[in-house]
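K.L.:
To start, I am sharing the structure in question, which I have written as structure tokens.
Taken together, the values in this text are just the output of simple stated rules run on the coordinates, not laboratory data. All values reported here derive from a predicted model rather than from experimental measurement. Every residue, glycine as well, gets a Cβ built from its backbone with ideal geometry; the counts of neighbours run over all protein chains shown.
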Amino acid sequence: MIVFDLRCQYGGHVFEAWFGSSADYESQKQRGLLSCPLCGDTAIDKAVMAPAVGAKGNQTRDPITPSDSPATAASINNAPATTVAAAVPHAHAPAPDPQAIKSMLNALAKAQAEALKSSTWVGTEFADTARAMHEGEIDQQPIHGQASLDETRSLIEEGIEIMPLPFPVRPPGMDN
């Protein structure tokens, strides 16, 4: 997995996203599958990220104290400060704990993996399969797959309940 900081063009929101590879990011961007979690903007680009530079072997960092600013806490935990700030919609709200965020993302990834165990991969036939189930042509069952932005909009306009998965999914047989 690779983590990128992304920025929407509309609101300038910076957020973190995980991808299987740089190619997965490019593919999802080209297919219009990326959107800002704060404003829904689909014009997304990579944001500038601070490199994770470790301390020299003979130096140590001071532990984080509650009085540390969010940017300091984020830097010490090798997380870009913009990621922490973007997660807080109001400047006066306390910054979330980076470890808590990691724990929540891990729990979300595990929940998605568990849900996908009982779901069938339908690939690029997702829109057609979802529509056929909605119209009663085939039995309803949990499915997951790929759909273009236009296909997704059509399904929603038709009242077909769908939702994006929080993390990218590799098609069966595509794992390294």
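K.L.:
Please list, ordered by chain and number, the residues whose modelled amide H lies under 5 Å from the amide H of HIS144; skip anything fewer than 5 residues away on the same chain.
P.N.:
Counting only residues 5 or more places away or on other chains, the set is THR120, TRP121, VAL122.
K.L.:
A further question follows. Please work out how much length the chain gains when fully extended from ALA109 to PHE4, using 0.36 nm per residue of separation minus the C-alpha to C-alpha distance, in nm with one decimal.
P.N.:
Fully extending the segment from ALA109 to PHE4 adds 36.1 nm.
K.L.:
Further question: What is the distance, in nm, between label points placed 7 Å from the Cα along the Cα-to-Cβ direction at GLU158 and at ASP139?
P.N.:
Once both label points are built, they end up 2.2 nm from each other.
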